[in-house]
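The next block holds one structure in the form of structure tokens; read it before the comments.
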Amino acid sequence: MPSPIRLKKRKTKCNVIDLKKTLCLDKVFLYLKRPLPYPHDSPIILGTFSIDLTGMNHSETLELSLQLLRQPSVTPVDHSCQNIMADRLEKIGFNIESMRFEDVDNLWARKGTQAPVLCFAGHTDVVPTGSLDDWNSDPFVPEIRDGKLYGRGSADMKTALAAMVVASERFVAKHPNHKGSIAFLITSDEEGPSINGTVKVVEALEARNEKMTWCLVGEPSSTNQLGDIVKNGRRGSLNAKLTVKGKQGHVAYPHLAINPIHTVSKALAELCDTVWDNGNEYFPATSFQISNIHSGTGATNVVPGTMNTLFNFRYSTEVTAEELKARTLEILDRHNVNYDIEWTLSGLPFLTPVGELVNAAQNAIRNVTGIETELSTSGGTSDGRFIAPTGAQVLELGVLNASIHQIDEHVNVADLEPLAEIYEQILEGLLAN
Ligand SMILES: [Zn+2]
């Protein structure tokens, strides 16, 4: 018979609270194990018992996250995520407005009628899971392993949505008569074409002159540690489809053909070498990247008749899309290239300089995590690009982005309550009386 072990009371209590916070359970079953000395390496189970945790402090952010993660809301399907959020917000005095455009559900919720308006923005849709066999657990049955919450949308961005709701509930409980208004702009089409989502809601709000002062987008902005990076802007994105026209012929009779690869190569080299700007305090220098080149018949003895190229500018606020177009055309013309070009502007650059919103976020992050956050404009585009042109200050702040869109997407459970606290402190900083 193994001899009874003595539990260190204080340590056991801490462990139970950690477990309960992690697992969101009302009861925790403890398996008491006693390690055996070498050569036996497996422990003996001494017994099990349960502890009732009802009434102890639950992680509300985790609970709501689990609820949202159980909804298989692949773009443009919201499932019932927005209803779950709206139910909670309605209870604390939000006016709920569903705005469905075509197959996309959008939610506009607002508490208060006065300015200034702090709007939480985000999306309930998630990217497809990919092969289920590659996941270690079902992407729509959230699971916690080693302190990490796994599930599609856990990082991008359902846990942030949960933190926003919980933060608002706590703030409203403390400040029922807060200044201004709190709003939520939630779409189920951020990961897809983004045609009937945020952009349409913003148009509807603009049409009735309803303005946001500050907008906090819950996209996963953090890199190594919660709050280490917030995005206070995004670069613009300009695409071009360039078709270079030549004349097909035999390689042995080049005087009878015009080789489009030859005519454009010097121009492309110059485009690659051009310094478009030097960026500024907030933006890196504008970049030019060729993403595709296609030409040729596959035969070694045929001069091709055309060459097709795709390229992209990620550009700062130091240049405009029109300037980039004009400078590109000037280079092509100077090299006597015969071409057609089609441009698509997929996003204007935007920037929120240091001001009320940035300061409130920096203070909140410092108070909760003890770190100084860094402002960044790196990364892809987000729905912030539709909101910023209305004149609102826009900031993206959320959990770590290392696993977004990947197999086994996950988030640190320990980051969820601090994120809710950060959001709540931003509310305190901007709307407390
Ligand atoms: Zn996202």
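Side notes on the structure shown:
- Three-way shape label, segment 112-221, alpha-carbon gyration tensor, a/c 1.5: oblate
- Accessible-area order (highest first, 1.4 angstrom probe) of the listed residues 253, 282, 423: 253, 282, 423
- Three-way shape call for segment 236-347 based on the alpha-carbon gyration tensor, with the a/c threshold at 1.5: prolate
- Phi-derived couplings, Karplus 6.51 cos²θ - 1.76 cosθ + 1.60 at θ = phi - 60°, listed residue by residue for segment 404-415: 5, 6, 9, 5, 6, 3, 7, 9, 6, 4, 5, 8 Hz, with x used for Gly and Pro.
- GNM flexibility winner over the chain from 64, 89, 205 (Cα, springs under 10 Å): 205
- Distances between placed amide hydrogens fall under 5 Å for residue 119 paired with 183, 213, 214, 215, 216, all partners being 5 or more residues away or on another chain.
- D (Stokes-Einstein, µm²/s), Kirkwood Cα radius, segment 331-433, 0.890 mPa s at 25 °C: 145
- Taking 0.36 nm per residue of separation and subtracting the Cα-Cα distance, full extension of the segment from residue 239 to residue 433 would add 65.2 nm.
- If R0 is 30 Å, the Cβ-Cβ spacing of residue 175 and residue 195 corresponds to a FRET efficiency of close to 0.20.
- Estimated dipole of the chain in Debye, rounded to 20 [Cβ of Lys and Arg +1, of Asp and Glu -1, Cα centre]: 1160
- Close amide H contacts of residue 339 (hydrogens built in the peptide plane, cut-off under 5 Å, sequence separation of 5 or more or a different chain): 245.
- What the Cβ-Cβ distance of residue 325 and residue 252 gives, at R0 = 45 Å and to the nearest 0.05, is a FRET efficiency of 0.70.
- Counting only heavy atoms of the protein chains and using a 1.4 Å probe, residue 140 has close to 40 Å² of accessible surface.
- Counting only protein heavy atoms and a 1.4 Å probe, segment 236-347 has 55 square angstrom of accessible area per residue.
- Choice from 186, 341, 144 with maximal GNM fluctuation in the chain (Cα, 10 Å cutoff): 341
- If the segment from residue 138 to residue 97 were pulled out straight at 0.36 nm per residue, it would be longer than the present Cα-Cα gap by 11.5 nm.
- Only helices reaching 15 angstrom along their own axis (Cα) with mean Kyte-Doolittle hydropathy no lower than -0.5 count here, and for the DSSP H runs of the chain these are 159-174, 260-273, 356-369, 416-431.
- Too-long pairs where the Cα-Cα distance tops 21 Å, listed order kept, from 245/325; 111/211; 174/231: 174/231
- Here the simple spin-label model places points 7 Å from the Cα toward Cβ, and for residue 402 and residue 333 these points are separated by 5.1 nm.
- Rg and Dmax, both from the Cα atoms of the chain and both in Å, are 27.2, 98.
- Taking the accessible area of the chain, probe 1.4 Å, and keeping the other protein chains in place, the carbon and sulfur fraction comes to 51%.
- Restricting the GluC sites (Glu not before Pro) of segment 329-433 to loop positions (DSSP other than H, G, I, E, B) with no more than 12 neighbouring Cβ atoms within 10 Å leaves 372.
- Candidates 349, 260, 139: whichever shows maximal mean-square fluctuation once the chain is modelled as a Gaussian network with Cα springs under 10 Å: 260
- Over the chain, DSSP H runs of length four or greater, each weighted -39,500 (n - 2.57), average out per residue to a 222 nm ellipticity of -9000 deg cm²/dmol.
The values are calculated or read from the model by the stated rules, or taken from the named source; none is laboratory data. In this text the structure is predicted, and so the values were computed from the model without any measurement. Cβ atoms come from the backbone with ideal geometry, glycine included; neighbour counts cover every protein chain shown. Just so you know, the surface numbers come from the protein's heavy atoms only, side chains and all, with ligands and any DNA or RNA stripped out. Shrake-Rupley method; radii C 1.70, N 1.55, O 1.52, S 1.80 Å.
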